[in-house]
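Here the structure comes first, spelled out in structure tokens, and everything after it is commentary.
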Amino acid sequence: MHVLFVIDPLPLLKAYKDSSVAMMRALVKRGHSLSVALQGDLFIDGGKVLARATPITLRADADLHGHDWWQDSSAPADQPLAAFDAVLMRKDPPFDMEYVYSTHMLEYAQAQGAKVFNHGAAIRNHPEKLAITEFPEFTVPTLVTRDMARIRAFHAEHRDVIVKPLDGMGGTGIFRLREGELNLNAILETLTETGTRSIMAQRYIPEIVNGDKRILLIGGEPVPYSLARIPMAGETRGNLAAGGRGVAQPLSERDRYIAQAVAPRLAARGLLLVGLDVIGDYVTEVNVTSPTCFVEITEQTGFDVPEMFAKALERAVAATV
């Protein structure tokens, strides 16, 4: 296959731990070729969706801690997305309007015959925090609103809650509000921009001390290991970007039950790769933009997550022929 990655600038990727790079290496190992394009390289001309795509090769003996792990194999050229065997949307958030426009272009490209993963419409229709509301049986009490009075009432009922913006990533903007929080009003005013922006409030889950587990779903099947992002001492966020420590561990019986319940439903919508965030027994996010943790799980357990992904992509492409 010739696979196009829509991705962030390659020099910005930390190749030694980047999941997209791990995908590339697994695909090359299985005989496939690669091209890359930035989000800004997508365009529509004459009703056709194209990309300014650059073919690349990977350096087999590269130091993945450096910036020499790939090389352009030929000059960039404008090509229809439908000309590739698969298109992988791996652009990291922020999920801003430019990202939304990109999902529309990917959706249009699919109508023109492109094979896109995850599907453009599926990415757009699954906001990563709001998507958990589809699975209330697997979530703690959750409120989404911009009404500060409602949030204060929710806090008064549950006494210990987490509040967070709907478009944050890496743990940014997350606050724990304990009973008697003196800065309650100031925090809510800031997060809701004085009642003009919706946020999420959830009952605090004490099991966060054991880690915020990332469970990967690939092709409708769970990877048998999660990566528990364990918070630093005194911290309530397990995100690796917030200093959390990643520890791979086998899925618990509850983890597997949740994964097997939701994975087929998500896969049927064109979501080849999903990252469930689970704290204790509860789902807290459904990540569909560019889920990570491939490398950490593979290195700590020996289970080859990139290989599983490459095989699932091959099956998905074959199923569309």
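The values are calculated or read from the model by the stated rules, or taken from the named source; none is laboratory data. These figures come from a predicted structure and were not determined experimentally. Note that each Cβ is placed from the backbone with ideal geometry, even for glycine, and that neighbours are counted across all protein chains shown. With ligands, DNA and RNA removed, areas are computed over all heavy atoms of the protein, side chains included. Shrake-Rupley method; radii C 1.70, N 1.55, O 1.52, S 1.80 Å.
Pick from Leu38, Leu88: which is open to solvent by 60 Å² or more (accessible area, probe 1.4 Å) and among the aliphatic types (A, V, I, L, M)?
None of the others qualify; the one that does is Leu38.
Here's the yes/no breakdown for (1) in contact with a His (Cβ under 6 Å, 6 or more places away or on another chain); (2) crowded, with 21+ Cβ neighbours inside 10 Å:
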residue	(1), (2)
His158	no, no
Ile162	no, yes
Asp167	no, no
Phe175	no, no
Glu181	no, no
Thr196	no, no
Arg203	yes, no
Ile215	no, yes
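When only residues in the stretch 197-236 that are part of a loop (DSSP other than H, G, I, E, B) and among the aliphatic types (A, V, I, L, M) count, which is farthest from the chain's Cα centre (by Cα)?
Here the answer is Ala233.
What pairs come up if the first residue lies in the stretch 309-321 and is closer than 15 Å to Ser20 by Cα, the second is surrounded by fewer than 18 Cβ atoms within 10 Å (Cβ to Cβ), and their beta carbons are under 7 Å apart, counting only those six or more places apart or on different chains?
Within 7 Å, the pairs are Ala310/Arg30.
For the condition of a type in the set (S, T, N, Q) and within 18 Å of Gln112 (Cβ to Cβ), what is the one hit in Gln39, Gln79, Gln71?
After applying the criteria, what remains is Gln79.
Using the structure shown, decide if Glu179 is touching a residue at least 40 places away in the same chain (Cβ under 8 Å) and either among the charged types (D, E, K, R) or not in a loop (DSSP other than H, G, I, E, B) (or both).
Judged against the criteria, Glu179 is not a match.
Looking only at the stretch 41-56, which residues are closer than 17 Å to Leu88 by Cβ and either open to solvent by 20 Å² or more (accessible area, probe 1.4 Å) or modelled with pLDDT under 95 (or both)?
Residues satisfying the conditions are Asp41, Leu50, Arg52, Thr54, Pro55.
I'd like the residue in the stretch 1-57 that is part of a helix (DSSP H, G or I) and among the hydroxyl-bearing types (Ser, Thr, Tyr) and, out of all such residues, is farthest from Asp304 (Cα to Cα).
For the stretch 1-57, the residue satisfying everything is Ser20.
Within the stretch 274-295, track down each residue that is of a type outside the set (Phe, Trp, Tyr) and open to solvent by 40 Å² or more (accessible area, probe 1.4 Å).
Asp281, Thr292
Among the residues of the stretch 105-146, write down those that are part of a helix (DSSP H, G or I), open to solvent by 60 Å² or more (accessible area, probe 1.4 Å) and farther than 23 Å from Gly171 by Cα.
Glu107, Tyr108, Ala111, Glu137
Testing Gln202 on (1) of a type in the set (S, T, N, Q); (2) at pLDDT below 95; (3) closer than 28 Å to Ile230 by Cα, one condition comes back false. Which one is that?
Gln202 satisfies all of (1) of a type in the set (S, T, N, Q); (2) at pLDDT below 95; (3) closer than 28 Å to Ile230 by Cα except (2).
Is it the case that the stretch 158-176 has a residue that's modelled with pLDDT of 95 or more, over 23 Å from Val286 (Cα atoms) and hydrophobic (A, V, I, L, M, F, W, C)?
no
Given the conditions (1) touching a residue at least 24 places away in the same chain (Cβ under 8 Å); (2) open to solvent by 20 Å² or more (accessible area, probe 1.4 Å); (3) in a helix (DSSP H, G or I), report the number of the one that Ala149 does not fulfil.
Failing condition for Ala149: (1).
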